[in-house]
Amino acid sequence: MEEMKTNIYEDKKLAAKMIVRLKKHYNDSKTALKWSNPFELLIATMLSAQCTDDRVNLVTPSLFRKYPTPKSFAKALESEVRELIKSCGLYKTKAKSIITSSQLIENKFNGQVPDSMENLLLLRGVARKTANIILSSCFKKAEGIAVDTHVARLAKRFFFSLKEEPNKIEQDLMDVFDKKDWLKVNYMLVEHGRHICKAIKPECAQCFLRDCCPSFNAVQQKRPFVTVKYAQSLDGKIAAKSSDSKWISNDDARVFAHRLRVDNDAILIGINTAINDDPLLDVRLVQGRNPVRVILDSNLKISVNSKIVKTAKEIPTIIFTKSKDQAKIKKLKYIDVFPLKGLQDTLEVLAKKKIKRLLVEGGGEVISSFMREKLVDTIFVVVAPIFIGNDGIPAIGNLNVTKVKASIKLNKVNEYSFADNSLFRLNLR
């Protein structure tokens, strides 16, 4: 069992399966930018920042006719370059970057675009994305994976990375994909993102990856991606009879739980957990923003003196309830209250509130209800080396399973250790 890695969503088996299919469809894919030498691709890629490739391809022919070499760009007037690239957006910054980089190429690199990540990053306006495109397209060097908006979006949908910063997403992708595929990963994911896995309306019905895509069920059911996390004893209990569950897992496992909260847009618990534990549901053990807190509270039992209610002004909070007690609802200042109908309806409401990833940390009954309705996409289980016995509260409640053949089956994605605690990530088959 491995120690915990930076990328907790690493799934090399899934990546290997996807890459085989991507190669069948996009093996000849390449950048859509038009270029005839490394310098032209460098300039075109710099222009493509927050601009479409089609627009760049309309601008570069006349630009390269006037300035065909680094030397000509190095002597260019910034005002003239600005005018030629104006339609690409950010033209003032881009013009300065192009001229400054051309001067450095001419003076430091003998007029040749450098062929290493280290030297490319010395150029003004060049980050790892641009450098990776130059290295892979012009020099067939795999020093990383270019991350643009398409790649970042697909990395999240495939759960290869939930990071926000391109450099961190790139590192996660480098961990999950075999290095021999790095040259092609960007171009294939970009193609798939443009034609199938679109930002607004992904065409899942036509997607050749739908049977292995972690987000497929969530997208089809118009709901957030649901991650369940719980800690249990070796004999499957999440708490003792007294409902005391605080010390089942160790310190490292609790830090991991807070990392999961940062990665999700919202965290959901049931009212019993809210009453018994009086949790804050924040991310105080790690750096990052607090998720929206969601409580399922059929009878509106939550105390107005609870930590959740008292901190609702600072941390966005939602309660779903069947109660029509308007007097109690008015006391829940800063909390959005919605009618509780069913889990699917609840998840659709959360999706409309722009919650794309939901972490369920409820007790056994809440977790079991998500399992019964097949609304779980991935599960993280922390197992501590302790026994609690029959008096303990079970991690999983009634699943309506009467025969072993009808049991809910899981695939183990990976496993890690937190000293004497074990972590398993599982997906439903």
Query raised in the report: By the gyration tensor of its Cα atoms, with a ≥ b ≥ c the square roots of the eigenvalues, what is the shape of segment 369-429: rounded for a/c under 1.5, prolate for a/b over b/c, or oblate?
Result: oblate
Query - Label-to-label distance, nm, for residues given as Ala127 and Glu203 (7 Å Cα→Cβ offset) - result: 3.0 nm
Query - Centroid-to-centroid separation of segment 214-242 and segment 323-379 [C-alpha atoms, Å] - result: 13 Å
Report summary line: For the Asp175, Val262 Cβ pair and Förster radius 22 Å, calculated FRET efficiency rounded to 0.05 is 0.75
**Report entry** Inter-centroid distance (Cα atoms) of segment 380-426 relative to segment 92-159, Å
**Finding:** 46 Å
Report summary line: Long-range amide H partners of Leu410, meaning residues 5 or more apart or on another chain whose placed amide H is closer than 5 Å, are Arg429
Report task. Among Thr273, Leu285, Ser298, pick out the residue whose Cα is farthest towards the positive end of the charge dipole of segment 223-324, where Lys and Arg carry +1 and Asp and Glu carry -1 on C-beta, about the Cα centre. Result -> Ser298
Query raised in the report: Can you give the angle from 0 to 90° between the axis of helix 128-138 and the longest principal axis of the chain, with both taken from C-alpha atoms, to the nearest 10?
Result: 50 degrees
Report summary line: To the nearest 20 debye, segment 110-183 has a Cα-centred charge dipole, built from +1 on Lys and Arg Cβ and -1 on Asp and Glu Cβ, of 180 debye
**Report entry** Table column - 3J(HN,Hα) (Hz), segment 348-353, Karplus curve with 6.51, -1.76, 1.60, x for Gly and Pro
**Finding:** 5, 4, 5, 4, 5, 8
Requested in this report: Indicate the gyration tensor shape class of segment 311-358 (rounded, prolate or oblate), computed on the Cα atoms with a ≥ b ≥ c the square roots of the eigenvalues: a/c under 1.5 is rounded; otherwise a/b larger than b/c is prolate and the rest oblate.
Outcome: oblate
Query raised in the report: Nearest 10 degrees, 0 to 90: what angle lies between the long axis of helix 12-26 and the longest principal axis of the chain (Cα atoms)?
Result: 40 degrees
Query raised in the report: For segment 31-143, what number of Lys pairs, 8 or more residues apart or on separate chains, have alpha-carbon atoms under 17 Å from each other?
Result: 16
Query - Nearest-0.05 FRET efficiency for Gln326 and Lys374, computed from C-beta distance (R0 41 Å) - result: 0.70
Query raised in the report: In degrees from 0 to 90, rounded to the nearest 10, what is the angle of the helix 38-47 Cα long axis to the longest principal axis of the chain?
Result: 50 degrees
Query raised in the report: Charges only on Cβ, +1 for Lys and Arg, -1 for Asp and Glu: so what's the dipole of the chain about the Cα centre, in debye to the nearest 20?
Result: 1260 debye
Query raised in the report: Quick one: length gained pulling Thr93 to Asn411 fully straight, 0.36 nm per residue minus the C-alpha distance?
Result: 109.5 nm
**Report entry** Net charge of Cβ neighbours under 11 Å - reference Gly144; Lys, Arg +1; Asp, Glu -1
**Finding:** +2
**Report entry** Lys241 paired with Lys75, simple spin-label distance in nm, labels 7 Å along Cα-to-beta-carbon
**Finding:** 9.2 nm
Query - Shape call, the chain: gyration tensor on alpha carbons, a/c limit 1.5 - result: prolate
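Read the figures in this text as sums done on the coordinates, not as results from a lab. Only a predicted model underlies this, so the values are computations on that prediction, with no experimental measurement involved. A quick note on method: Cβ atoms are made from the backbone with ideal geometry, for glycine too, and the neighbour counts reach across all protein chains shown.
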